[in-house]
1. Return the carbon/sulfur percentage of the accessible area of the chain, one whole number, probe 1.4 Å, all protein chains in place.
2. Could you run the Karplus curve 6.51 cos²θ - 1.76 cosθ + 1.60 with θ = phi - 60° over segment 365-371 and give me ³J(HN,Hα) per residue in whole Hz, x for Gly and Pro?
3. What residues have an amide H closer than 5 Å to that of ILE335, excluding those fewer than 5 places away on the same chain, when H is modeled at 1.01 Å from N in the peptide plane?
4. Collect residues whose amide H, placed 1.01 Å from N in the peptide plane, falls under 5 Å from the amide H of ILE159; neighbours closer than 5 in sequence don't count.
5. Whole-Hz Karplus ³J(HN,Hα) for segment 311-326, in order, using 6.51 cos²θ - 1.76 cosθ + 1.60 and θ = phi - 60°, x for Gly and Pro?
6. Given segment 1-329, what whole percent of its Cα pairs are spread farther than 36 Å?
7. If R₀ is 22 angstrom, what is the calculated FRET efficiency for the pair THR412 and ARG336, using the beta carbon separation as r and rounding to 0.05?
8. Using only the heavy atoms of the protein chains and a 1.4 Å probe, how would TRP113, TRP6 rank by accessible area, largest first?
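The values are calculated or read from the model by the stated rules, or taken from the named source; none is laboratory data. This is a predicted model, so every value here is computed, not measured. As a convention, Cβ positions derive from the backbone with ideal geometry for all residues, glycine included, and neighbour counts pool all protein chains shown. Ligands, DNA and RNA are excluded from the accessible area calculation, which covers all protein heavy atoms including side chains. Shrake-Rupley method; radii C 1.70, N 1.55, O 1.52, S 1.80 Å.
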Amino acid sequence: MEYYIWNNEMETMPYEKIRELQGERLKACVSRMYGQVPYYTEKMQAAGISPEDIRSIDDLPHLPFTDKEDMRGNYPYGTFAVPMEDIVRIHSSSGTTGKQKVVGYTKNDIDIWSECCCRALAATGMTRKDILHVAYGYGLFTGGLGLHYGAEKMGATAIPVSSGNTKRQIQILIDFKPTALACTPSYALHLADEMAAQGIGPDDLHLKMGIFGAEPWSIEMKKQIEAKLGLRAFDIYGLSETMGPGVSISCEAGELLHIQSDHFIAEVVDPDTGSPLPEGELGELVFSSVTKEGTPLLRYNTHDLTRLFYEPCACGRTTVRMDKVTGRADDMLIIRGVNVFPTQIESILLNYGEVEPHYMIYVDRVSNLDRMEVQIEMTQAFFSDSIKEIETIERRLNADIQSVLGISAKITLVEPRRIPRSEGKAKRVIDRRTY
Ligand code: DLL
């Protein structure tokens, strides 16, 4: 099979050469930042490192880490490495708590971002003949504009629908005949359900590929979306701090996500010690965005949990690959001492044909004990079954969660459409414990 690769030179460069290039770009980035960006200069000085100590990519682990606290502590523009007159765009990410993380882009940063998103779209098999319906939000969130520019760079057609107004989204999906859809996986499911309720199925659509990301989702969720929308789903990853979407994407040959390694140097580190971990080991993903001019970040800890792989892929790309992100370390629930990610619960739930992929996890503390309840919607067909059958499924789900995760959860099957839908990133957990 022939795979479409946008930038053969960068995406199929032998790994040793990528490392060399990364080393050169790292050195240049460190010199650009040192003296220009006070917080990072101070960090380097505190660590006793000067730019001359960084001679190749092997010296990367000597540099200090950064994380969201550095972004917030230098709000809004303290992380910028160029004068404001060179900044052509600003985005930000709010997160759930604290100040926004503000990022600035130079003209060159926007060009590189468009290139990365264009490469990402090509990895899904999309070409300039395709029409991309962009239902990620346009605004301070990076999803909408990022993919929009990627599609235009390729020469494909972008429809800037933005998020919200599901009725209008459906009308555009039918009338404008887009062949590709970009939105969060949870919103893709919502769209599919709303269409099904109106009697619209995959055959009424023209979609071939879905570019889904911005939140964790399981392989089981992917299969359901593919079946409901009649397309092939790809996992796109990124974060505002390093650029936005397009940092990595899965390809036509497999589930792992190709990182744009000429722009982003990835490491996976031990969450406790910060030491880099070998290939295939699970840890926190750390990025150095070495070509970024506006807001370059060195060793930025995303706290996203994943693994890295260095073997070339069957698609022909040689870029470093990462596993699907299980979640952020902050999303991990600790229930009676057991670490659980919502995606692990999702994987178990979605093996059952009687339920829909819409769920919410509630955590409470009752008499000093953690209690977890998982509410999940029944399918319309199962909803009309007898109470006895519903209770049987609840018991079986509980037993599965107990045997896989080692904790018990109260399972409550609820009627269809009861769980709130989101137009962007889904909220899966309501933790009502007070600490
Ligand atoms: O979510 C950028 C983006 C837009 C990515 C559109 C993909 C598509 P932020 O709002 O800054 O940026 O949130 C970044 O979202 O650190 C992860 O925790 C999570 N995340 C993003 N993509 C994925 C994914 C955008 N494919 C944070 N799988 C990241 C799992 C993801 N988590």
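1. Details: 9140 of 18320 Å².
Summing carbon and sulfur atoms, their accessible area is 50 percent of the total for the chain.
2. 10, 10, 6, 6, 10, 6, 10
3. Correct list: VAL340.
4. When sequence neighbours closer than 5 places are left aside, the close amide H contacts are LEU132, HIS133, VAL134.
5. 6, x, 9, 4, 6, x, 6, 10, 5, 5, 10, 10, 6, 3, 7, 6
6. Values: 9193 of 53956 pairs.
Of all Cα-Cα distances in segment 1-329, 17 percent exceed 36 Å.
7. Numbers: r = 19 Å, r/R0 = 0.88.
So the FRET efficiency works out to roughly 0.70.
8. Numbers: TRP113 10, TRP6 80 Å².
Highest to lowest solvent-accessible surface, that is TRP6, TRP113.
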